[in-house]
Structure formats: C-alpha cells, structure tokens
Amino acid sequence: MLATLGSLDQLTNGGEDLRDWAFEMKWDGVRIVAVISGGAVRLFSRNGIEATATYPELAVLPGLIEGDATLDGEVVALTNTGRPDFGLLQSRMKLTRPAEVEAARKATRIQYFVFDVLEAELDGRKRSLVKLPYDERRRILDAILGQHTAGTRGAVQVPPAFDGDLEAAFESSRELGLEGVMAKRRDGTYLAGRRTTSWVKVKHHRTQEVVVGGWRPGKGRRANGVGSLLVGVPDAGGLHYVGRVGSGFGDRDLDDLLERMGRIARATPPFYDVPRPDSTDAHWVSPTLVGEVEFSEWTRDNRLRQPTWRGWRPDKHPRDVLREG
C-alpha cells in the first residue's frame with residue numbers, strides 16, 4: 001500500500017477531523033514485507049525482490065511471533081546516536097554474498113520498524129487482515145509483536161502511533177531528525193499495491209525519485225569520471241527530462257558510477273525532451289536505475305531546482321516513479 005504526498009495545511013485546513021487519523025513517524029529507509037511461515041522468514045522489497053539474505057538480523061522474527069504472519073514495515077540504518085540515515089543504508093542494499101553481508105552488518109546497524117500486519121494466526125487459524133480497519137490491524141500488531149519488542153533494543157520494533165495532534169507529531173519528527181510524518185485514516189483498509197489518500201506522507205524536505213538516463217563527464221578532480229547524472233520522471237509522453245544532479249555523491253559513489261553507467265550504455269537518449277545544452281557531451285544509458293534526490297522546488301519548465309543526490313533505490317522499478325506533488 002502506497003501513500004500520497006500531502007502537507008500540514010491540506011490536513012489541518014482541509015476540513016478533515018484529525019481525530020479520524022493516526023500519525024506515525026516517517027522512517028527514511030526501504031520498505032520490506034516479512035512473510036513468516038513454518039518457523040522461517042522471507043523478506044521482500046516493494047518491487048518483489050527477495051532480500052532475506054541481505055538483512056540476516058531479521059531471522060529473529062519467527063521467534064517473536066506465535067504462528068505465521070505477514071508484516072509490513074521499513075528497514076532503516078541507524079547512526080551511532082540511533083537516528084535513521086538513508087546514506088548509511090546504501091552500504092547494505094542488494095548485498096547477498098555472506099562475507100559481504102557480514103562485513104556490512106558489523107559496520108552498519110539496521111532496524112526493522114513494523115507498522116502493519118496483513119496476515120496473522122489468530123485462534124489457531126491464519127487469517128487475512130487487509131479488510132480490517134487500520135485501528136484493528138494496529139491492535140492485532142501490538143498484541144502479536146509489540147508486547148514482545150516493547151522496551152527492547154533488538155532489531156525489530158513496533159513504533160508507536162500518535163493520536164490527534166498532527167502539528168505536535170510533525171514537530172517531534174523534526175526534532176528527532178526524521179523524514180516527516182505518515183497520516184493514516186483510522187477506518188482505512190489495507191489496499192495492497194495501490195496509492196491511496198487514506199495514507200498521506202507529510203515531509204520536512206522535498207524529495208523525488210528519478211530514473212537515470214545518462215551522464216556528463218566531470219571537470220577538475222572528476223575529469224576522468226562522472227560529473228553529473230541526467231535524470232527523468234516518466235509521464236504520458238515517455239521519460240521526461242527533469243535535470244542534472246552533480247552534488248551529494250560520496251567518494252565511493254563516484255568510484256562506482258563510471259562502471260555502473262558503462263554496464264547499461266546506449267547510443268541514443270531515453271528522454272524525449274532533453275535540451276541541447278545538457279546533451280552536447282552526454283553519455284546515454286538505458287533507463288533501468290532509480291535514485292532519489294532532494295531539491296528546493298520545481299521550475300516553471302518542470303525541472304528540479306538545486307537537486308542533491310540522496311542515493312540509489314534498488315527497491316523501486318522505473319515504472320513506479322511518479323512526480324511528487
């Protein structure tokens with residue numbers, strides 16, 4: 001189930017009764033569904049790719065729940081101060097080789113914040129819960145998992161949901177250095193695979209998922225590598241060009257970019273509207289990779305103003321990318 005982008009004004013001044021909503025912190029990580037069956041767990045990303053080997057810490061899940069269950073939540077990487085850091089999570093994504101996973105596990109701690117339950121074994125019988133309202137699903141989640149993780153510092157947590165005061169929840173998320181708040185209708189059912197207004201994400205900063213379609217050579221110390229990525233967002237006409245991203249890359253990112261771009265090189269631009277100044281020295285790639293940027297605003301010609309690279313999104317498919325707001 002996917003959320004739509006909203007704002008404090010839309011919820012507080014749009015005639016909504018905030019008593020009809022619950023508010024959760026928005027975690028800056030990757031969405032993971034955990035399927036617990038027969039004493040084992042399998043993990044899946046939003047685009048259906050199995051991630052069980054990537055996050056071995058979550059093998060504890062069957063021991064925390066009686067019977068089978070399907071959980072929805074967010075895997076985040078934590079700093080030494082316990083705050084989520086999407087940049088840190090990049091070092092854990094897509095790893096499957098045991099030696100690499102173990103090395104990354106020692107260097108970067110992850111936690112699974114579980115916020116929903118889609119199936120559970122109740123009264124000795126496994127039941128689908130997706131047609132139950134949010135409040136009832138949360139009650140069941142707290143009963144089967146929350147009581148076993150409350151007060152612990154383990155890899156699995158059920159974070160609290162807040163009642164009523166959206167502005168207080170939003171300010172709390174800012175003070176904690178989080179991405180924002182998720183507002184969820186209390187009577188809303190779980191609509192798998194759908195983007196719905198019964199879940200609304202309210203962010204502190206503007207971010208946008210983008211599809212990489214090319215790159216331009218760098219200058220100075222980047223002269224032999226990638227200086228900027230050319231990115232787009234799909235629309236009715238194809239892949240719409242939204243600008244160049246040249247900041248926000250770490251040294252490891254820059255070392256990896258040239259090889260990564262070389263593997264998907266192509267002769268023609270995947271964008272239908274890239275301007276000549278940005279295409280004169282460009283190298284084109286197949287539009288298969290998704291990343292995320294932070295930016296200040298959309299320009300009048302639908303370009304990103306001052307975009308900064310946040311990281312790759314291997315959990316997303318290019319067809320999932322939509323313009324945010």
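Out of everything in region 1-50 that is free of Cβ contacts under 8 Å to residues at least 40 places away in the same chain and closer than 19 Å to Val290 by Cβ, what residue ends up being most open to solvent (accessible area, probe 1.4 Å)?
Across region 1-50, the extreme among qualifying residues is Glu50.
This table checks each residue for (1) within 22 Å of the chain's Cα centre (by Cα); (2) open to solvent by 60 Å² or more (accessible area, probe 1.4 Å); (3) free of Cβ contacts under 8 Å to residues at least 60 places away in the same chain; (4) more than 18 Å from Arg305 (Cα to Cα).
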| site | (1), (2), (3), (4) |
| --- | --- |
| Lys203 | yes, no, no, no |
| Arg206 | yes, yes, no, no |
| Gly237 | no, no, yes, yes |
| Val242 | yes, no, no, no |
| Leu257 | yes, no, yes, yes |
| Ala267 | no, yes, yes, yes |
For this session: Determine, yes or no, whether Arg127 is open to solvent by 70 Å² or more (accessible area, probe 1.4 Å), more than 18 Å from Ala40 (Cβ to Cβ) and either part of a strand (DSSP E or B) or touching a residue at least 12 places away in the same chain (Cβ under 8 Å) (or both).
Result: yes
For this session: Output the residue which, of all residues in region 159-174 that are open to solvent by 90 Å² or more (accessible area, probe 1.4 Å) and at pLDDT below 85, is nearest to Arg83 (Cα to Cα).
Result: Glu167
Seminar exercise, completed: Within region 208-229, residues touching a Lys or Arg at 6+ places or on another chain (Cβ under 6 Å) and surrounded by 20 or more Cβ atoms within 10 Å (Cβ to Cβ) come out as Ser228
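So that you can scan it fast, the table gives a plain yes or no per residue for (1) of a type outside the set (Ser, Thr, Tyr); (2) over 12 Å from Val210 (Cα atoms); (3) open to solvent by less than 20 Å² (accessible area, probe 1.4 Å):
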site	(1), (2), (3)
Val274	yes, yes, no
Val285	yes, yes, yes
Arg300	yes, yes, no
Arg303	yes, no, no
Thr308	no, no, no
Asp315	yes, yes, yes
Glu324	yes, no, no
Problem set entry | Identity of the residue in region 59-113, open to solvent by 60 Å² or more (accessible area, probe 1.4 Å) and among the polar types (S, T, N, Q), that ends up nearest to Lys26 (Cα to Cα) | Thr81
Problem set entry | Condition met for Asp251 (within 21 Å of Leu322 (Cα to Cα), acidic (Asp, Glu) and surrounded by fewer than 19 Cβ atoms within 10 Å (Cβ to Cβ)) | no
For this session: Return yes or no: is Thr308 free of Cβ contacts under 8 Å to residues at least 60 places away in the same chain and of a type in the set (Ser, Thr, Tyr)?
Result: no
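The values are calculated or read from the model by the stated rules, or taken from the named source; none is laboratory data. From a predicted model like this one, the values you see are computed outputs, not experimental measurements. Cβ atoms come from the backbone with ideal geometry, glycine included; neighbour counts cover every protein chain shown. Note: accessible area is taken over every heavy atom of the protein model, side chains too, but ligands, DNA and RNA are not part of it. Shrake-Rupley method; radii C 1.70, N 1.55, O 1.52, S 1.80 Å.
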